[in-house]
Amino acid sequence: MRRRLTLMADEDLMSLVQAGDAAAFEVVYDRHADPVYSLAYRMLGARAAAEDVVQEAFTAVWRKSHGYRSTRGSVRNWLFGIVHHRAVDALRRSGAHSSRRAGDETAAQNLAADELTEVEVLRRSEASAVRGAVDRLPTDQLRVIELAYFGGFTHVEIADVLEIPLGTVKGRMRLGLDKLRQNLLEVA
Amino acid sequence: MTREGCDQVEEAAAFALGSLTELENQVFERHVMGCETCARELREFRATVEALPVALPQYRAPAALKDEIMSTVRQEAARSLAGETRASQRRFGWRPSRRPALALGALATGALMLGSYGIGASLSEEEPQVVQAAVDPAHLRGARASLARADDVAVLRASGLRPLGAGEVYVVWLDRGEGPVYVSSFNVRPDGSGQAGVPDVAGVRRIMVTREASTAVRQPTERPVLTVDLT
């Protein structure tokens with residue numbers, strides 16, 4: 001039965017999860033745990049904190065699976081949204097904001113090339129394309145986007161950190177996302 | 001500076017990035033409900049922001065993390081199943097319907113198919129099953145239903161259903177000969193379509209869908225709008 005489940009689309013798996021199917025939930029977890037954990041780890045910079053957030057997020061997905069609506073987007077993006085929100089909360093509660101890259105690289109097991117499944121190979125290809133689009137952003141726009149999205153800073157805090165007007169922060173956010181959208185369209 | 005006349009549009013990017021405070025989020029969300037300019041900006045920004053995590057270096061989630069999560073999930077799934085099994089021991093019966101008597105004499109044949117699903121899934125190694133779906137004529141509007149089944153797992157898909165009122169849901173019931181058991185519920189999309197997972201159809205004789213005022217029901221309160229006979 002598990003082989004059948006692994007062939008199912010996310011939306012169908014979520015229908016089963018909403019009906020209380022633990023096996024379907026396990027497939028959803030296996031499919032999305034690594035990218036979701038990677039986001040939490042990037043934001044929080046510590047393995048234990050990232051694990052806590054991911055555990056909270058997936059437990060919430062199980063208990064509140066009816067909150068998922070396919071019309072609002074993919075399961076993956078829904079999961080990213082949940083984890084991002086919880087990670088921002090964790091950062092703001094602890095006051096441990098950081099724009100650093102994930103600090104303790106040795107504490108997290110990076111995905112080595114020889115461990116990759118076919119899905120992961122495709123993800124790496126997609127990641128490379130997106131990274132290229134991000135890297136082509138002007139430095140000042142990329143900085144505010146990183147501080148906001150990965151650092152969990154509010155726009156007011158970003159203005160303080162960078163010592164620039166709040167209006168400038170908002171403008172760079174908007175211009176940066178516009179530019180990123182254009183860059184992504186070019187690589188699509 | 002404004003774009004297309006709304007002075008709140010500058011907030012959309014910050015909102016999409018999660019960079020507003022909780023209070024600011026609430027204010028902007030209320031604003032977006034009545035402002036098409038900001039709603040459109042937000043949709044576009046959200047789609048862009050969703051790409052950001054994709055670019056990150058990928059790490060393997062610890063195995064122990066999965067063990068812990070799945071332990072909780074399996075315990076809760078088992079408790080939920082035990083609770084519903086006890087509730088299903090009651091004799092099956094209909095309460096008087098609030099709606100006019102429904103005539104199911106003229107059955108509308110729904111989709112006669114076993115749907116395939118998944119990413120390039122192929123069921124060619126199995127004979128496809130043909131399932132006849134009976135549809136309540138009162139809900140007919142080109143209504144169709146199909147049951148996609150693989151082993152003992154199935155997904156019920158329906159289209160052409162009537163929209164639901166506030167708080168209402170369509171509830172899926174399984175009948176193994178001892179009365180209906182609540183399985184899951186689903187809402188209807190604006191186009192009248194909906195779907196629900198059926199995690200265990202082993203031994204099931206009938207799958208029924210009723211329209212209920214809420215999910216807090218232990219037995220159907222109305223006649224089925226859809227019936228799938230698996231005998």
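The values are calculated or read from the model by the stated rules, or taken from the named source; none is laboratory data. Everything numeric in this text was worked out from a predicted model, so none of it was measured. Cβ atoms come from the backbone with ideal geometry, glycine included; neighbour counts cover every protein chain shown.
A few points about this structure:
- Within segment A:41-53, tally of residues that are more than 9 Å from chain B (Cβ to nearest Cβ) and crowded, with 24+ Cβ neighbours inside 10 Å: 3
- Selection of segment A:6-21 for residues being within 7 Å of chain B (Cβ to nearest Cβ) and surrounded by fewer than 20 Cβ atoms within 10 Å (Cβ to Cβ) yields A:Leu7, A:Ala9.
- Considering segment B:156-231, the qualifying strands (runs of 3 or more DSSP E), each wholly inside and each with 1 or more residues that are of a type in the set (S, T, N, Q) and in contact with a strand residue (DSSP E or B) (Cβ under 6 Å, 6 or more places away or on another chain), run over B:180-186, B:194-198, B:206-212, B:226-229.
- Enumeration of residues in segment B:20-37 that are under 14 Å from A:Val156 (Cα atoms) and modelled with pLDDT of 90 or more: B:Leu20, B:Thr21, B:Leu23, B:Glu24, B:Asn25
- Filtered by the rule that a residue be among the aliphatic types (A, V, I, L, M) and within 7 Å of another protein chain (Cβ to nearest Cβ), segment B:17-26 gives B:Leu17, B:Leu20.
- Selection from segment A:24-40 of residues that are more than 14 Å from B:Asp67 (Cα to Cα), at the interface with chain B (Cβ under 8 Å from one of its Cβ atoms) and crowded, with 24+ Cβ neighbours inside 10 Å: A:Ala24, A:Val36, A:Tyr37, A:Ser38, A:Leu39
- Taken over segment A:12-63, residues that are of a type in the set (D, E, K, R) and outside any helix (DSSP H, G or I) amount to 1.
- Some residue of segment B:31-50 being surrounded by fewer than 20 Cβ atoms within 10 Å (Cβ to Cβ), over 20 Å from A:Asp89 (Cα atoms) and at the interface with another protein chain (Cβ under 10 Å from one of its Cβ atoms): yes
- Checked across segment B:62-70, the condition of being in contact with a helix residue (DSSP H, G or I) (Cβ under 6 Å, 6 or more places away or on another chain), under 30 Å from A:Ala129 (Cβ atoms), outside any loop (DSSP other than H, G, I, E, B) and facing chain A (nearest Cβ under 7 Å) holds for at least one residue.
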